[in-house]
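Here the structure is laid out as structure tokens; the discussion comes afterwards.
The values are calculated or read from the model by the stated rules, or taken from the named source; none is laboratory data. What you see is a predicted model; the values in this text were computed from it and never measured. Neighbour counts run over all protein chains shown; Cβ positions are idealised from the backbone, glycine included.
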Amino acid sequence: MPRHLVRIALGVALVVLFLGHAARWITLPLLEQLEAIAYDTRLRLTMPETVDDRVVIVDIDERSLQAEGRWPWGRDKVALLVDQLFDHYRIKVAGFDIVFAEPDESSGLTRLEALADGELKGNAGFEAALRELRPRLEFDRLLAQRLQGRPVVLGYYFSDTLDRKGDAPLAVGTLPRPVLAAGTFAGRNIRFTRWAGYGANLSPLQAAAASAGHFNQLTDGDGVARRVPMLAEYNGAYYEALSLAVVRLVLGAPGIEPGYPAQAMMARGYSGLEWLNVGTLRVPVDELVTSYVPYRGGRGSFPYVSATDVLSGKVAPEVLAGRIVLVGTSAPGLFDLRSTPVAPVYPGVEIHANLITGMLDGSIRQRPPYVLGAEFLLLAFTGLLLVFTLPWLSPLRATLVSAAAVIAVCALNVAVWQYGNLILPIASALALITLLYTFNMAWGFFIEARGKRQITGLFGQYVPPELVDEMARNPERFSMEGESRELTVLFTDVRGFTTISEGLDPKALSSLMNEFLTPLTRIIYRHRGTIDKYMGDAIMAFWGAPLDDPRHASHAVAAALEMQRELARLQPQFKARGWPPIRIGVGLNTGRMSVGNMGSEIRLAYTVMGDAVNLASRLEGITKEYGADIIVGESVCRAAPEFLYLEIDRVRVKGKEQPVAIFEPLGHAGGIDRALSDQAALFHKALKLFRARDWDLAEVQLLNLQKLAPQRRLYQLYLERIAHYRSAPPGADWDGVFVFQTK
């Protein structure tokens, strides 16, 4: 125990932190976000994803707005809609996810009355006509008449918005009677959503409607609507949600009753409110007296009919007959779209539809206040079990035990979700298990740290830090022992370095070399290369070891091209400091070579050796003969075909009998200038004519190329060869290969 005392103590501290979150002593926002993600995942995986036609949504959609005019419509049109729903389609109940807070003046009655009191006052004919027209132009009264005696539930909302003067909460329209009076929950520790203001319907409309319910939704911290307050508190009284009011009207229930467990099961300080009784139904609520929306699926889980089709009678009667109808909108311009667990853009009216059918089916999942205690106990048991178990186990057994804990927690959670219809938090338990496991594994990290130090000591001087980190994750895969692998090797050398060094004092020469070699080294590192050695003014590097790189040739060519671009960028800086211009030749070759620690007992170096390495060195040496910045072997072209290459010759270099084709990379195939591409094609034709001994046509082509790029040494070189072969024709066995006698 003393050996693991610190580890156990830190583990217990972590468990206590999570218990504080479960008990709501502290808040860990990340855990709340993870819990929301876990809830959404379970919901989406278990949704029935079927269409429920018991509730039909009459949609004020874009087509309705185009056909009937922009919103808000005149109340006469809404009255016609009510008539159509009840008289023509014989629906059961109508709920409006709309608030009628302002008087309707669209009929022009206000203007006519102003004329009657002004310009046309005393005009008997006008006043008689106005008296006759007034009943038909009082649209609010007309709508109230249509609502009277019909099972209609109006909608309204609560808010904390201030009025236009900014000195009091907004209070518009008339609220319905509260479903539960002030003082109903006196003495109980219940946290309702409380509001200071509201936007409700006109008094005549509210008086005529059978009921009304608020359409507020509780948006979580991530902006997603998962819950709806079944009861909202205003001025001490309690008002029901729109969906609850609709269900109550469907069932013919006169009111609702709070639901409490048996007194013997209630602990001190426990609110006890776990459900609401509506007729024969129980509606589960959580600690905020909200219910989780039992989403059936994505948008369209209920039939939608366009409001304009209802007005014109185009909807088949069987679609609406005997149904619960919700009137709402999916038009983006009317701003009743919500973010939900099942869709980022979801009509608010469909949220109420999900709740209505969820109440009728009893499918609303419960999250009563006591689940906080269940979460606390689960965290305490699981956390302490792992705290006192993992330190004694090997990494493999610790992994198995932690995995078993995760499986057990998930199985328990799925069981209570699916069969108990209960929402039990899961993210905190999984996060705690993961952190305890990670912490205990990290405690033994010194083994990995030691491995990383070994890797760093072996390879830190050759490869960039990010590759060292990558190698340290699996140190057993790397060693310094020699092996044969296909790699790409690069040599660079400064042209005319002897002349440059003679013209600078030692301090200036050292500064020049540092300013020159540092950016080139960074480029090699950036392209996953390994620095073999610096040889005065030269660099030797290779790709594909110690870390395996299937694209070693491509990375090497890209590095060589970038090195030349970087050198061009540095020239003005060198000139400003009085340094001579720097040019380098680069040779690249791909092939099998030996790589590993090589040298003597006194000194070893991680390097590459082999015939392919020697060829790369020779290619670098002949760059100045062709005036080429980079020369690569044919194997590089095959391994990195995404670049455009200019074949410049076939040669036998010093020390090799077999001829090799040599190429100059011009750049990435997709980014080559058209003029340069055409120039390369012309040279390939000239080279073909040259090898066919057609000196005249080859000369013409080369002279044309020389006019296009007089600075290119390559074209002049072949013109000189043609002049030589004209005076001393090659033998019949000439194969077009040029033989180099020096390195």
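Things to note:
- Residue 310 vs. criteria assigned to a helix (DSSP H, G or I), of a type in the set (Val, Ile, Thr) and surrounded by fewer than 21 Cβ atoms within 10 Å (Cβ to Cβ): no
- Among the criteria (1) in a helix (DSSP H, G or I); (2) surrounded by fewer than 20 Cβ atoms within 10 Å (Cβ to Cβ), the one residue 619 does not fulfil is (2).
- Verdict on residue 188 being in a loop (DSSP other than H, G, I, E, B), touching a residue at least 40 places away in the same chain (Cβ under 8 Å), among the basic types (Lys, Arg) and surrounded by fewer than 24 Cβ atoms within 10 Å (Cβ to Cβ): yes
- Here residue 13 meets each of (1) loosely packed, with under 14 Cβ neighbours inside 10 Å; (2) more than 29 Å from the chain's Cα centre (by Cα); (3) closer than 30 Å to residue 294 by Cα with one exception, condition (3).
- Among the residues listed as 693, 721, 712, 726, the single one being in contact (Cβ under 8 Å) with a residue 12 or more places away in the chain, over 18 Å from residue 647 (Cα atoms) and not assigned by TED's automatic domain parsing to the domain that holds residue 614: 726
- Matching residues, segment 642-671, being part of a loop (DSSP other than H, G, I, E, B) and either at positive phi or of a type outside the set (D, E, K, R) (or both): 653, 655, 658, 659
- With respect to (1) in a helix (DSSP H, G or I); (2) crowded, with 17+ Cβ neighbours inside 10 Å; (3) among the β-branched types (Val, Ile, Thr), the lone exception for residue 518 is condition (2).
- Unique match (being in a loop (DSSP other than H, G, I, E, B), of a type in the set (A, V, I, L, M) and farther than 27 Å from residue 435 by Cα) among 319, 327, 349, 342: 342
- Taken together, the residues in segment 713-743 that are modelled with pLDDT under 90 and either touching a Ser or Thr at 6+ places or on another chain (Cβ under 6 Å) or surrounded by 14 or more Cβ atoms within 10 Å (Cβ to Cβ) (or both) amount to 4.
- For segment 351-398, a residue qualifies if it is within 30 Å of residue 26 (Cα to Cα) and touching a strand residue (DSSP E or B) at 6+ places or on another chain (Cβ under 6 Å), and the qualifying residues are 364, 365, 366.
- Residue 555 meets each of the listed conditions (1) touching a Ser or Thr at 6+ places or on another chain (Cβ under 9 Å); (2) part of a strand (DSSP E or B) apart from (2).
- Among the residues listed as 176, 204, the single one being assigned by TED's automatic domain parsing to the domain that holds residue 78, within 28 Å of residue 87 (Cα to Cα), more than 37 Å from the chain's Cα centre (by Cα) and in a loop (DSSP other than H, G, I, E, B): 176
Table: residues versus (1) assigned to a loop (DSSP other than H, G, I, E, B); (2) surrounded by fewer than 20 Cβ atoms within 10 Å (Cβ to Cβ).
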site: 525; (1), (2): no, yes
site: 547; (1), (2): yes, yes
site: 565; (1), (2): no, yes
site: 574; (1), (2): no, yes
site: 585; (1), (2): no, no
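- Considering the conditions (1) touching a residue at least 24 places away in the same chain (Cβ under 8 Å); (2) small (Gly, Ala, Ser); (3) surrounded by fewer than 21 Cβ atoms within 10 Å (Cβ to Cβ), residue 316 is excluded by exactly one of them, (1).
- Single match in 610, 633 (criterion: surrounded by fewer than 21 Cβ atoms within 10 Å (Cβ to Cβ) and either of a type in the set (Ser, Thr, Tyr) or in the same structural domain as residue 529 (by TED's automatic domain parsing) (or both)): 610
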